[in-house]
Amino acid sequence: MLAADPAASIASIAAEAGVDRRTVYRRFASREELLAAIHISRLEAIESAIEDARLREAPVAVALHRYVENIITVNRTWPVDLTRMLADDDIRERRDRSLQEVDTFLRRATDEGLLRPDQPEGWTAALLPQLMHLVARQMPHLSAPRAADVVVDTFLQGMGARQSGRTTP
């Protein structure tokens, strides 16, 4: 509900959840506290998704697919943007650590020949989240594994290492 209407009131959130607003206020003292809890939950889910993908240990193609599938699930489960929480230093630091872990993985994928090394600095890291966000929001009918197939295929066709014999138009 907050993804669709970031200004949604506690009363409307409670009504959508099928509870009285007093029930929400027993758990969260304010709307800001509720938003903070949602953002923390999303961040924890992202951290868990990265850990589960085994970006440092798994073969790069396997880790890429697992990471994409996990993040699509996070995006669908917690469809709120973290940017409002980035004013909090602890949250921003945790998010930055997650981004560094993914950047390290993308460098590994490039070094191991899965991704093209000839792209501008930061392009690969900027493109992948956009593809995951797009499929999570625009293609809810696709299961997370199938959505990950679409994203990984699209990503590798555009960012993948060129195969010998294949030419670019």
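Residue under question is Leu35, and the condition is that it be in a helix (DSSP H, G or I) and at pLDDT 85 or above; does it hold? Criteria not met by Leu35. Is it the case that the range 8-23 has a residue that's in a loop (DSSP other than H, G, I, E, B), under 27 Å from Asp90 (Cα atoms) and not basic (Lys, Arg)? Yes, that holds for at least one residue. All told, Arg42 meets the bar of being in a helix (DSSP H, G or I), in contact (Cβ under 8 Å) with a residue 12 or more places away in the chain and charged (D, E, K, R).
With the structure loaded, tell me whether Leu55 is more than 23 Å from Ser143 (Cα to Cα) and not β-branched (Val, Ile, Thr) or whether it fails that test. Considered against the rule, which asks whether it is more than 23 Å from Ser143 (Cα to Cα) and not β-branched (Val, Ile, Thr), Leu55 comes out as no. Evaluated against (1) of a type in the set (Val, Ile, Thr); (2) open to solvent by 40 Å² or more (accessible area, probe 1.4 Å); (3) in contact with a Leu (Cβ under 7 Å, 6 or more places away or on another chain), Ile91 falls short on exactly one condition, (2).
Going residue by residue through the range 75-84, is there one that turns out to be open to solvent by 50 Å² or more (accessible area, probe 1.4 Å), under 13 Å from the mean Cα position of the chain (by Cα), of a type in the set (Lys, Arg) and closer than 19 Å to Gln130 by Cβ? Scanning the range 75-84 turns up at least one residue that is open to solvent by 50 Å² or more (accessible area, probe 1.4 Å), under 13 Å from the mean Cα position of the chain (by Cα), of a type in the set (Lys, Arg) and closer than 19 Å to Gln130 by Cβ. Among the residues of this structure, Ser48 counts as one that is surrounded by fewer than 17 Cβ atoms within 10 Å (Cβ to Cβ), modelled with pLDDT of 90 or more and within 22 Å of Ile91 (Cβ to Cβ).
Within the range 91-111, is there a residue that is within 15 Å of the chain's Cα centre (by Cα), closer than 21 Å to Ala4 by Cβ and at pLDDT 95 or above? Looking through the range 91-111, none of the residues is within 15 Å of the chain's Cα centre (by Cα), closer than 21 Å to Ala4 by Cβ and at pLDDT 95 or above. State whether the residues of the range 54-61 include one that is touching a residue at least 24 places away in the same chain (Cβ under 8 Å), open to solvent by 40 Å² or more (accessible area, probe 1.4 Å), more than 24 Å from Leu134 (Cα to Cα) and not in a helix (DSSP H, G or I). The answer is yes; a qualifying residue exists. Of all residues in the range 100-114, those satisfying the criterion of being out of contact with any helix residue (DSSP H, G or I) (no Cβ under 7 Å at 6 or more places or on another chain) and without any contact (Cβ under 8 Å) to a residue 40 or more places away in the chain are Gln100, Arg107, Thr110, Asp111.
The values are calculated or read from the model by the stated rules, or taken from the named source; none is laboratory data. This structure is a prediction, so every number in the text was calculated from the model and none was measured. Glycine also receives a Cβ, built like all others from the backbone with ideal geometry; neighbour counts cover every protein chain displayed. Note: areas computed on protein heavy atoms with side chains; ligands, DNA, RNA excluded. Shrake-Rupley method; radii C 1.70, N 1.55, O 1.52, S 1.80 Å.
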